[in-house]
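What follows is a set of notes on a single structure, which appears directly below.
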Amino acid sequence: MKIIIAFNELRALFRGNVDIQAVISIIGTSTNTLWMLFIPYYLNSFGLEVNIGFIYSFAALFGALGYLIGGRLGDAYGRRKAIKMKG
């Protein structure tokens, strides 16, 4: 319960503060793509040969699918409701 209260307080603090939201977005995007660099090394430890280009292509494909689905949801329900559906 304390975690939910702390999260709501943080969300109220960041609401409307575009600078903080931009920094958090940059950090989140950077860390989200950084893990893909280490997947080939991890899979090589199991004896699998994987190219980093394959990993990025796979991520781009599913990212594009996510944008298509998100766009349809945004058109159908409105931008704000579609963003709230995300979490």
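Values quoted throughout were computed directly from the atomic coordinates according to the rules given, and no laboratory measurement underlies them. Note that this is a predicted model, so its numbers are computed, not measured. No Cβ is skipped: glycine too gets one built from the backbone with ideal geometry, and neighbour counts run over all protein chains shown.
Do you know the relative contact order of the chain, to the nearest whole percent, from alpha carbon pairs under 8 angstrom that are 6+ apart? Contact order relative to length: 12 percent. Extending 7 Å from Cα along the Cβ direction at residue 15 and again at residue 31 yields two label points whose distance is 2.4 nm.
One decimal place: the segment residue 54-residue 8 gains 12.6 nm when fully extended, by the rule 0.36 nm per residue minus the C-alpha distance.
Using the beta-carbon distance between residue 24 and residue 62 and R0 = 25 Å, what value does 1/(1 + (r/R0)^6) give for FRET efficiency, to the nearest 0.05? My answer for the efficiency is 0.65. Using 5 Å bins from zero, what percent of all Cα-Cα pairs in segment 30-71 falls into each bin? Going from the shortest bin to the longest, the percentages are 6, 21, 23, 22, 15, 8, 4, 1.
Packing around the peptides 40-48, 71-79, taken as the average count of other Cβ atoms within 10 Å per residue, puts them in this order, highest first: 71-79, 40-48.
By the Stokes-Einstein formula, at 0.890 mPa s and 25 °C, the chain with its Kirkwood radius over alpha-carbon pairs has D equal to 152 µm²/s.
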